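Beneath this line is the structure, given in structure tokens, with notes to follow.
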Amino acid sequence: MVDPPGLPEPLDELAAEYRALPPSLGPVRLVAVDGHAGSGKTTFAGRLAAALGGAPVVHLDDLATHEEPFGWVGRLRRQVLEPLAAGRTAEYRVYDWTLRRFAGVRRAPAAPVVLVEGVGAGRRALRPALAALVWMELEAKAARARGELRDGPDLAEFWAGWARAEHAHFAGDPSRPYADLRVDGVTGRIVRSTLGEPATRP
């Protein structure tokens, strides 16, 4: 993930806010970081995890596949959400994008705050389990250009297919209107509201 330029603000205050939220999934406060591919989700989630003292981060790229870029809800629920809700460490299988199969296992302990980052992290099926939802504010074309620059020409065909799948996903199940806050995908600055839109979640 390419770090966004600029001087992003410290996240200590936001981390304190998240620690103070009521648990949303058993003993866990589950915080989602969503946005278009290439918008800076992984970078921001890493910074926020550090501000939280090393909070676990579940990357949805580990659960998605070539055949099912957005068909990971069942895997996430069974392997991550259900164990965390019971106060147990989650153990989930990781998809290898080169081998095109699941290989290896990662773990996420039931920490006070657990982050889940990736395209669709704030989707309808997950929102009831979330304590907070962050949206990376970078429009799809700019985010894709950043991702293609990062990954090189060999993955141009993959990006074209991904862009179609992502567009279809957000058209039917948008996350942005339900975000509690938004983060500028270029500068990393926190935006508490955008265009006067309410930040309400069901």
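The values are calculated or read from the model by the stated rules, or taken from the named source; none is laboratory data. Since this is a predicted model, take the numbers as computed values, not measurements. Because the Cβ atoms are built from the backbone with ideal geometry, glycine has one as well, and the counts that use them run over all protein chains shown.
Miscellaneous remarks
- Hits in the range 78-92 (condition: free of Cβ contacts under 8 Å to residues at least 24 places away in the same chain and out of contact with any Lys or Arg (no Cβ under 6 Å at 6 or more places or on another chain)): ARG78, GLN79, GLU82, ARG88
- Candidate set from the range 33-79 (those that are among the aromatic types (Phe, Trp, Tyr) and more than 12 Å from the chain's Cα centre (by Cα)); member that is farthest from ALA140 (Cα to Cα): TRP72
- Enumeration of residues in the range 107-131 that are surrounded by 18 or more Cβ atoms within 10 Å (Cβ to Cβ) and part of a strand (DSSP E or B): ALA108, VAL113, VAL114, LEU115, VAL116, GLU117
- Which listed residue, of GLU68, GLU82, is more than 22 Å from ARG164 (Cα to Cα) and acidic (Asp, Glu): GLU82
- Some residue of the range 134-156 being among the charged types (D, E, K, R), surrounded by fewer than 20 Cβ atoms within 10 Å (Cβ to Cβ), modelled with pLDDT of 95 or more and not in a helix (DSSP H, G or I): no
- Restricting the range 66-106 to residues that are hydroxyl-bearing (Ser, Thr, Tyr) and surrounded by fewer than 18 Cβ atoms within 10 Å (Cβ to Cβ), the residue that is nearest to PHE170 (Cα to Cα): THR98
- Test result for GLU67, at pLDDT below 95, in a helix (DSSP H, G or I), out of contact with any Pro (no Cβ under 6 Å at 6 or more places or on another chain) and over 17 Å from TRP135 (Cβ atoms): no
- Whenever a residue of the range 175-186 is in contact (Cβ under 8 Å) with a residue 24 or more places away in the chain, its partners that are hydroxyl-bearing (Ser, Thr, Tyr), lying with C-beta atoms within less than 6 angstrom and at least six residues away or across chains, give the pairs ARG182/THR194; GLY185/SER39.
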